[in-house]
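Enquirer: A single structure is presented below for examination.
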Amino acid sequence: MSRIPLISGNWKMNLNHFEAIQLTQKLYWTLKPEDTQNTEVSLHPPFTDIRSVQTLIESDPMPFKLGAQNCHFEDKGAFTGEIAPSFLAKLNVTYVIVGHSERRALFGETDGIVAKKAAAVLANEMTPIICVGETLEEREAGRAEDVTAAQVKGSLAGIAAESVGNLVVAYEPVWAIGTGKTCDADIAQGMCKLIRGVVAEEFGAEAADSVRIQYGGSVKGSNAAELLGQPDIDGALVGGASLDPEEFAAVIRGALAP
Ligand code: PGA
């Protein structure tokens with residue numbers, strides 16, 4: 001089964017809508033058509049930028065899928081400050097990151113909440129990018145595999161096997177996020193293989209074969225090709241490097257087959 005690589009730029013809480021337009025245009029000018037021919041690229045701006053980026057990429061059109069960084073699991077109601085998945089679907093959002101480690105650590109998101117969000121994203125015909133990964137303490141205590149496997153089970157709980165094959169899991173070791181410390185490619189490969197094994201156990205071989213697994217954590221131009229060349233790594237979730245058009249373009253080119 002050939003899985004199309006997905007390179008996702010998670011801008012986090014950076015760039016207002018004017019800056020978002022500038023970055024998207026610069027990225028488009030930096031890339032050559034062949035760079036995105038066999039690779040999907042998604043951009044995940046802050047909520048207030050999404051409409052501007054949508055207008056830009058649909059009017060040209062540019063070879064980018066629109067993404068979001070989070071959403072609520074309910075469709076509407078008294079949830080002050082939250083964004084419903086249906087609002088994102090209306091803006092032609094394709095991919096929604098759920099359960100990013102920053103949301104788990106800073107905003108109290110549990111596997112149960114992440115599973116509800118993933119289900120809500122799917123119900124609105126978008127694709128969740130479900131983030132999992134261990135902390136430094138957990139890795140040092142020899143628990144990286146157990147913690148990550150438990151997160152995969154908990155965050156995908158209740159999702160139909162047919163849907164699991166179409167979603168995206170991002171393995172993001174917390175100690176590698178924003179630290180400049182990339183996970184060694186062989187360790188990242190081992191963890192992504194473990195995740196695929198958990199999906200096989202829980203949802204069957206077909207789902208495991210087609211689910212795409214991204215690596216995230218200090219991905220940049222210089223390490224992208226090695227990471228993306230691993231058999232179980234189907235893309236990258238990129239934070240810091242996605243804010244620099246040259247660097248992000250280099251990551252995207254890292255997905256090109258040698
Ligand atoms: P980073 O962030 O690339 O800056 O390490 C990755 C992420 O948080 O998704």
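The values are calculated or read from the model by the stated rules, or taken from the named source; none is laboratory data. Quick caveat: nothing in here was measured; it's all calculated off a predicted structure. Here Cβ is always computed from backbone atoms with ideal geometry, including for glycine, and neighbour counts include all displayed protein chains.
Enquirer: Please give the strands (runs of 3 or more DSSP E) falling wholly within the stretch 40-130 in which 1 or more residues are closer than 29 Å to residue 18 by Cβ and of a type in the set (S, T, N, Q).
Expert: Result: 40-44.
Enquirer: Of all residues in the stretch 1-27, how many are surrounded by fewer than 19 Cβ atoms within 10 Å (Cβ to Cβ) and more than 16 Å from the ligand (Cβ to nearest atom)?
Expert: Total satisfying the criteria: 12.
Enquirer: While we're on this one: Do you know which of the residues in the stretch 127-155 that are under 15 Å from the mean Cα position of the chain (by Cα) and without any contact (Cβ under 8 Å) to a residue 60 or more places away in the chain is nearest to the ligand (Cβ to nearest atom)?
Expert: By that ranking, first place goes to 130.
Enquirer: With the requirement that a residue be closer than 17 Å to residue 132 by Cβ and basic (Lys, Arg), what does the stretch 193-234 give you?
Expert: Residues satisfying the conditions are 193, 196, 212.
Enquirer: Any chance the stretch 99-112 includes a residue that's within 18 Å of residue 213 (Cα to Cα), within 12 Å of the ligand (Cβ to nearest atom) and of a type outside the set (Gly, Ala, Ser)?
Expert: yes
Enquirer: Can I ask one more? Among the residues in the stretch 49-63, are any within 16 Å of the ligand (Cβ to nearest atom) and in contact (Cβ under 8 Å) with a residue 12 or more places away in the chain?
Expert: No: the stretch 49-63 contains no residue that is within 16 Å of the ligand (Cβ to nearest atom) and in contact (Cβ under 8 Å) with a residue 12 or more places away in the chain.
Enquirer: Take residue 211 and tell me if it is more than 16 Å from the ligand (Cβ to nearest atom), within 15 Å of the chain's Cα centre (by Cα), touching a residue at least 40 places away in the same chain (Cβ under 8 Å) and under 22 Å from residue 69 (Cβ atoms).
Expert: Spelling it out, residue 211 is indeed more than 16 Å from the ligand (Cβ to nearest atom), within 15 Å of the chain's Cα centre (by Cα), touching a residue at least 40 places away in the same chain (Cβ under 8 Å) and under 22 Å from residue 69 (Cβ atoms).
Enquirer: Spot the failing condition for residue 122; the list is (1) within 19 Å of residue 6 (Cβ to Cβ); (2) touching a Lys or Arg at 6+ places or on another chain (Cβ under 8 Å); (3) not basic (Lys, Arg), and only one is missed.
Expert: Every listed condition holds for residue 122 apart from (2).
Enquirer: If you go through the stretch 224-232 one residue at a time, do you hit one that is under 21 Å from residue 62 (Cβ atoms) and either under 12 Å from the mean Cα position of the chain (by Cα) or within 14 Å of the ligand (Cβ to nearest atom) (or both)?
Expert: Yes, the stretch 224-232 contains a residue that is under 21 Å from residue 62 (Cβ atoms) and either under 12 Å from the mean Cα position of the chain (by Cα) or within 14 Å of the ligand (Cβ to nearest atom) (or both).
Enquirer: Report, ordered by the first and then the second residue, all pairs with beta carbons closer than 8 Å, sequence separation of six or more or different chains, a first member in the stretch 95-106 that is farther than 15 Å from residue 8 by Cβ, and a second member that is more than 11 Å from the ligand (Cβ to nearest atom) and modelled with pLDDT of 95 or more.
Expert: 103/70; 103/109; 104/110; 104/114
Enquirer: Right, something else. Looking at (1) over 14 Å from the mean Cα position of the chain (by Cα); (2) buried (at least 20 other Cβ atoms within 10 Å of the Cβ); (3) farther than 30 Å from residue 162 by Cβ; (4) touching a residue at least 60 places away in the same chain (Cβ under 8 Å), can you tell me which one residue 243 breaks?
Expert: All conditions are met except number (2).
Enquirer: Within the stretch 71-79, is there a residue that is surrounded by 16 or more Cβ atoms within 10 Å (Cβ to Cβ) and closer than 18 Å to residue 249 by Cβ?
Expert: no
Enquirer: Something else about it: Would you please list the contacts, defined by Cβ atoms under 8 Å and residues six or more apart or on different chains, that run from a residue in the stretch 176-189 that is modelled with pLDDT of 95 or more to a residue that is exposed (fewer than 15 other Cβ atoms within 10 Å of the Cβ)?
Expert: That search, which allows pairs on different chains as well, returns 185/229; 189/231.
Enquirer: Continuing with the same structure: Got at least one residue in the stretch 156-170 being in contact (Cβ under 8 Å) with a residue 24 or more places away in the chain, over 14 Å from the mean Cα position of the chain (by Cα), away from the ligand (no atom under 16 Å from the Cβ) and buried (at least 22 other Cβ atoms within 10 Å of the Cβ)?
Expert: Within the stretch 156-170, one or more residues are in contact (Cβ under 8 Å) with a residue 24 or more places away in the chain, over 14 Å from the mean Cα position of the chain (by Cα), away from the ligand (no atom under 16 Å from the Cβ) and buried (at least 22 other Cβ atoms within 10 Å of the Cβ).
Conditions tested, residue by residue: (1) more than 14 Å from residue 248 (Cα to Cα); (2) under 19 Å from the mean Cα position of the chain (by Cα).
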site: 19; (1), (2): yes, no
site: 24; (1), (2): no, yes
site: 33; (1), (2): yes, no
site: 42; (1), (2): no, yes
site: 45; (1), (2): yes, yes
site: 50; (1), (2): yes, yes
site: 61; (1), (2): yes, no
site: 64; (1), (2): no, yes
site: 68; (1), (2): yes, yes
